[in-house]
Amino acid sequence: MRKQTLMRARRAPALAATLAALFALAACDTPFPETQNEFMPVSSSDRFPIAVAKGPVKFDVPTGKTALNAQQKDTIVRFAQQAKSNYASTIHVRRPSGGGRGTAVAGAIRRILVQQGIPDSMIVQGTYEAGAESPVVVSYIRTWAVTQECGNWDEDLAVTFSNSGYANFGCSVQNNVAAMVANPNDLVMPRTETPSDPTRRSTVFDKYREGVPTNTQPPQQQQVQISTVAQQ
């Protein structure tokens, strides 16, 4: 009896090692649980991202006469103002390669653009394949901010268990931001800093050394005077 007990005690470690090895081999055959790597947008900026689109803005100026009439001049003036407000980097003035009055019309257009504050370095003149009676084409590349359209009401908001924003949540805010942004290029990269004002900086330093307030004092006429009605 004692001998059998000793044999069982000796076999126990070996049996445990064998079972551990079998469990390890079985674990190698068990696949890992699959993880969901799909990105689920949560915020409105993720679901309705704002992108910057580009497209040409152009109009044709007839070359029937060498001089421009009043309506054509007014159109070019408004075109130049629009190009500046849209932060255009280059304005193309292309005349027909067939000759004719296109050269004179293109020159008149360039002079009006310069008078409206368009630097001459921004105006690129060229030609395109066309006859002498073809118009002069004035154009620039405009950028604007766009996002997805709103109106997705497929989900029943009265019965929902997802504990997340509905499909159309935040869409109007993103569309308003895209419509109101002044320069869409600001959404792509920040602007460079403007140079500091050395005159103002010197004034602030002088006041600091003298121990006086460095803020700008309002004009005397803008100071508010307390009414004396309550004192009577």
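Values in this text are rule-based calculations from the coordinates and carry no lab data. The structure presented is a predicted model; accordingly, all values stated were derived computationally and were not measured. Cβ: placed from backbone, ideal geometry, glycine included. Neighbour counts: every protein chain shown.
Couple of notes before you dig in:
- Candidates per GluC sites (Glu not before Pro) in the stretch 112-153, loop by DSSP, up to 10 other Cβ within 10 Å: Glu129, Glu149
- Highest average first, the peptides 139-147, 196-204, 105-113, 60-68 ordered by how many other beta carbon atoms sit within 10 Å of their residues are 105-113, 139-147, 60-68, 196-204.
- Our analysis of the stretch 52-146 gives Rg over Rh at 0.97, with the two radii drawn from alpha carbon positions and Rh computed by the Kirkwood formula.
- Fewest-first ranking of Met189, Met122, using other Cβ atoms within 10 Å as the exposure measure: Met189, Met122
- Looking at the stretch 52-146, the DSSP beta bridges with both ends there are about 70 percent antiparallel.
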